[in-house]
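The values are calculated or read from the model by the stated rules, or taken from the named source; none is laboratory data. The structure displayed is predicted, hence computed values, not measured ones. All Cβ positions, even for glycine, are placed from backbone atoms using ideal geometry, and neighbour counts span all protein chains on display.
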Amino acid sequence: MTDLLKIEWIKLRKYIVFKLMAIFFAVGVVALNYIVYTVNKNIVNNVPGAGLVSFSPYDFKNTWQSTSYATGFILILPSLLLMLLFTNEYTYKTHRQNIIDGLSRRQFISVKIAMAFIFALVSTVLVFFTALGFGFASGTTFSFHGVVFVAYFFLKALSYNMVAVLFSVLIRRTGFATGVFFIYTGAENIISQLLNVLCIKIKREDGTDLGNIGDYLPMNASDSLLAFPDNPIKNLSKAIMPTDYTWIAFSLAILYLVVFYLWSRWKFLKADL
């Protein structure tokens, strides 16, 4: 696998799109969280009466969750990059050439899945150190309280990347795969919101708490593990909102990840080159 990853690195190291998107994502992680940090520090905390509902999202007790949640909004960038790299193999027939040159199908798809894992891991390491930096900047006492959300971030990043791999294998063409990826993501979010509204209505009218069913969809399962930290305003809405059954969402996220993995491998191993 090490030799295969070296080959992938040779493909990447001079690819300008890879460099630009990697820089943009790294800067985006810090910039996005800095915006949230600055808005809370200079605007929210200066609103009359803010002292009654004091909340600091980047105190050490919240920084791991806040940073993971905020960064989740730009996780689509490494996923799109991974999809672009994979579908380019089909466009330029390099996947076929690699296999003709002696690489097995199993090795080829395995290294692509390994790249999905590495992209997710690097993103998570970046989030960890960004959260650490904002935590120290808050001036609060160091704590690992809530660091589990960084692990949830990794699960979400890996899920997004595996969806990108799956769409690349199923569709193959860069533009079409990217379009379907955006359409599917948007459609699932809309359906998720509609299902959650239905759950609120059922709880209010019948008293039956089904949880947020919309969070049980393939991509929303990992999304739902990352929410903005509890705060006084958020707590006011909990009485009418369905219960967040985190263990169900986590279990489904793992299940979907396994499905994405197996489906991608099966499709590539069986499809015509």
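Here are some notes:
- Verdict on residue 130 being assigned to a helix (DSSP H, G or I) and within 19 Å of residue 256 (Cβ to Cβ): no
- Test for residue 71: is it buried (at least 17 other Cβ atoms within 10 Å of the Cβ), modelled with pLDDT of 85 or more and either farther than 25 Å from residue 166 by Cβ or of a type in the set (S, T, N, Q) (or both): yes
- Candidate set from the range 225-253 (those that are surrounded by 14 or more Cβ atoms within 10 Å (Cβ to Cβ) and part of a helix (DSSP H, G or I)); member that is modelled with the lowest pLDDT: 246
- Filtered by the rule that a residue be touching a Leu at 6+ places or on another chain (Cβ under 9 Å), closer than 16 Å to residue 12 by Cα and modelled with pLDDT of 85 or more, the range 92-116 gives 108, 111, 112, 114, 115, 116.
- Index of the failed condition, residue 221 passing every other in (1) of a type in the set (A, V, I, L, M, F, W, C); (2) at pLDDT 90 or above; (3) more than 19 Å from residue 71 (Cβ to Cβ): (3)
- Pair list, Cβ < 6 Å and 6+ apart or interchain, from the range 132-159 residues that are more than 19 Å from residue 226 (Cβ to Cβ) to residues that are surrounded by 14 or more Cβ atoms within 10 Å (Cβ to Cβ) and among the acidic types (Asp, Glu): 138/59; 140/59
- Exactly one residue out of 138, 56, 110, 66 is among the hydroxyl-bearing types (Ser, Thr, Tyr) and touching an Asp or Glu at 6+ places or on another chain (Cβ under 7 Å), and it is 138.
- Looking across 207, 214, 146, 139, one residue alone is within 21 Å of the chain's Cα centre (by Cα), on the phi > 0 side of the Ramachandran plot and among the small types (Gly, Ala, Ser). It is 146.
- Within the range 190-203, residues that are under 7 Å from residue 214 (Cα atoms) have Cβ atoms under 6 Å from residues that are of a type in the set (Ser, Thr, Tyr) in no pair, counting only partners at least 6 apart in sequence or on another chain.
- Members of the range 1-22 found to be touching a helix residue (DSSP H, G or I) at 6+ places or on another chain (Cβ under 9 Å) and more than 13 Å from residue 78 (Cα to Cα), listed by number: 1, 4, 5, 7, 8, 11, 12, 13, 15
- Candidates 89, 8, filtered to the one that is surrounded by 15 or more Cβ atoms within 10 Å (Cβ to Cβ), modelled with pLDDT under 90, within 23 Å of the chain's Cα centre (by Cα) and part of a helix (DSSP H, G or I): 8
- Looking only at the range 163-195, and only at residues there that are of a type in the set (D, E, K, R) and surrounded by 14 or more Cβ atoms within 10 Å (Cβ to Cβ), the one that is nearest to residue 81 (Cα to Cα): 172
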